[in-house]
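Take a look at the structure set out below.
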Amino acid sequence: ICPDCLKASLSVSAAGGTLEKISYNYPPPNAKNYPECVPEQIRQDYSEAVLIVDLSPKASATLSRRCLQGIIRDFWEITPQFWDSHIELKREVRLKDSSKANLWQEIKAVEQLGGVPAPIIAAFKQLKDIGNIGAHPEMDVGVIVDVEPGEAETLVKLIELIIRQTYIQRNSDQELLKQVEDIALKKAKQRGDHK
């Protein structure tokens, strides 16, 4: 049991007979244990993407894509209400139904909002394209495009970067601002006591 989050971790190993050695760990040893400021669904998708990065790189890439879409919808609040209040952008990305925006349209919305560096937006688009290999297979089944384990691992690292630059940074900023506010209140009380 983790003393910080009080969640259980599991490690199973087996050896003997015809079995050399297998092991299973949950959460995956390479997965970061993010605080609750990161929404649970995003934490789950991220952990699963890490867990299967070697077992099924294509599925891991698809989960990384899903993480990105979850972050965009939650952190930047790209929801149907967003689209209903940004009619010009909705028209520009040819979105007919506000509740059916696709990831490309949502990335365009984040880009339009500004504040996200161009290389990060480009990485969003690239992750979308790579993750599409698992989410939307080619119509021609003779064309097989696979995702390699190292590539899937890189996508997981991109998700970690995005989580750090969004939820973790916002949480850290909020904690700092709260500390400054507490100091100011304490000093105001001290000044009041001496008057």
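A few comments on the model shown:
- Among the criteria (1) over 20 Å from I168 (Cα atoms); (2) modelled with pLDDT under 95; (3) among the polar types (S, T, N, Q); (4) surrounded by 17 or more Cβ atoms within 10 Å (Cβ to Cβ), the one T18 does not fulfil is (4).
- Among the residues listed as I42, I52, I71, the single one being without any contact (Cβ under 8 Å) to a residue 40 or more places away in the chain and within 27 Å of E153 (Cβ to Cβ): I52
- Once segment 77-134 is narrowed to residues that are over 22 Å from Q165 (Cβ atoms) and β-branched (V, I, T), the residue that is most open to solvent (accessible area, probe 1.4 Å) is I87.
- Residues (among the small types (G, A, S) and closer than 26 Å to D146 by Cβ) located in segment 42-94: S47, A49, S56, A59, S60, A61, S64, G70
The values are calculated or read from the model by the stated rules, or taken from the named source; none is laboratory data. Because the structure is a prediction, the values reported are computed rather than measured. Here Cβ is always computed from backbone atoms with ideal geometry, including for glycine, and neighbour counts include all displayed protein chains. Keep in mind that these areas ignore ligands, DNA and RNA; they rest on the heavy atoms of the full protein, side chains included. Shrake-Rupley method; radii C 1.70, N 1.55, O 1.52, S 1.80 Å.
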